[in-house]
Amino acid sequence: MKTKRRKSRQRDRIYELIKNSSEHPIVQWVYDRLRQEFLNASMGNVYRNINILVEDGLIKARDFGDGVVHYDAIVNQHYHFICKKCKTVTDFSLQVRDDIIEMAQKKTKKIITGHTIQFFGICEKCKKA
C-alpha cells in the first residue's frame, strides 16, 4: 500500500527534471537545476524527495559502475549505452529479452529475479570530436 504523502512542488519539479533528462542524472545535477527555481532548496531536501520518488516507484536508482547513483524515470526493464569517453549514460533502444532470465535460470540453482544489460562504446558527440 502506497503511503499518502503531501503534495510538494519541489518533489514534482525534481520528478520533471529527471523525467525530461535523457542522461540519467545524479543528485548534484538535479540540485543544480532545482536551485535555479527554488532558491531555498537544500541538498538534503533533494535527497529526501528523490528517495520518496524511488519508494513510490516513479523513478529508479541505477548503478552504472562510476561510483555515483543515477536516476531514471523509465522504471520498466530497458538497456543502456555508456560512452567510454564522456561517461554519458543514455537509453538503448533494443527489445528486452525476457527469455534471458529463463535461460540463465536453467544454468543455476540460484533464484534469478532480473537482469541488466549495458552497452559500452563511443557516443556520437565524442566520435565527432
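Could you list Leu39, Leu94, Leu34, Leu58 so that the one with the fewest beta carbons within 10 Å of its beta carbon is first and the one with the most is last? Please report the intermediate quantities before stating the final value.
Details: Leu39 7, Leu94 11, Leu34 20, Leu58 17.
So the ranking, lowest neighbour count to highest, is Leu39, Leu94, Leu58, Leu34.
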Checklist entry - Fewest to most neighbouring Cβ within 10 Å: what's the order for Ser21, Ser93? => result Ser93, Ser21
Checklist entry - Between rounded, prolate and oblate, where does the chain land on the alpha carbon gyration tensor, with a ≥ b ≥ c its root eigenvalues, rounded for a/c under 1.5, else prolate if a/b exceeds b/c? => result oblate
Checklist outcome for this item: If R0 = 30 Å, then Thr88 and Asn40, at their Cβ-Cβ distance, give a FRET efficiency to the nearest 0.05 of 0.45
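How much FRET efficiency would the formula 1/(1 + (r/R0)^6) give for Val54 and Tyr79, where r is the Cβ-Cβ distance and R0 is 25 Å, rounded to 0.05? Could the numbers behind the result be given before it?
Values: r = 20 Å, r/R0 = 0.81.
The formula returns an efficiency of 0.80 here.
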Checklist entry - Do any of Lys4/Lys60; Lys60/Lys84; Lys85/Lys107; Lys84/Lys110; Lys87/Lys110; Lys7/Lys87 go past 25 Å between their Cα atoms, and which? => result Lys85/Lys107; Lys84/Lys110; Lys87/Lys110; Lys7/Lys87
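Among Thr113, Thr88, which comes first, then next, by fewest other beta-carbon atoms within 10 Å? Working shown, then result.
On the way: Thr113 7, Thr88 14.
The order, fewest Cβ neighbours first, is Thr113, Thr88.
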Checklist entry - Which of Val27, Val68, Val89 moves most in a GNM of the chain, Cα contacts under 10 Å? => result Val68
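Restricting to Cα pairs below 8 Å that are 6+ residues apart, what does the relative contact order work out to for the range 25-112? Please round to a whole percent. Kindly include the intermediate steps, with their values, before the conclusion.
Working: 73 pairs, mean separation 15.5, N = 88.
Relative CO of the range 25-112 lands at 18 percent.
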Next on the checklist: What is the angle, in °, between the Cα long axis of helix 9-20 and the longest principal axis of the Cα atoms in the chain? Nearest 10 is fine, range 0 to 90.
Outcome noted: 40
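Coordinate-derived values only; no laboratory data. Keep in mind that what you see is a predicted model, and the values were worked out from it rather than measured. Positions of Cβ are generated from backbone atoms using ideal geometry, with glycine treated the same way; all protein chains shown enter the neighbour counts.
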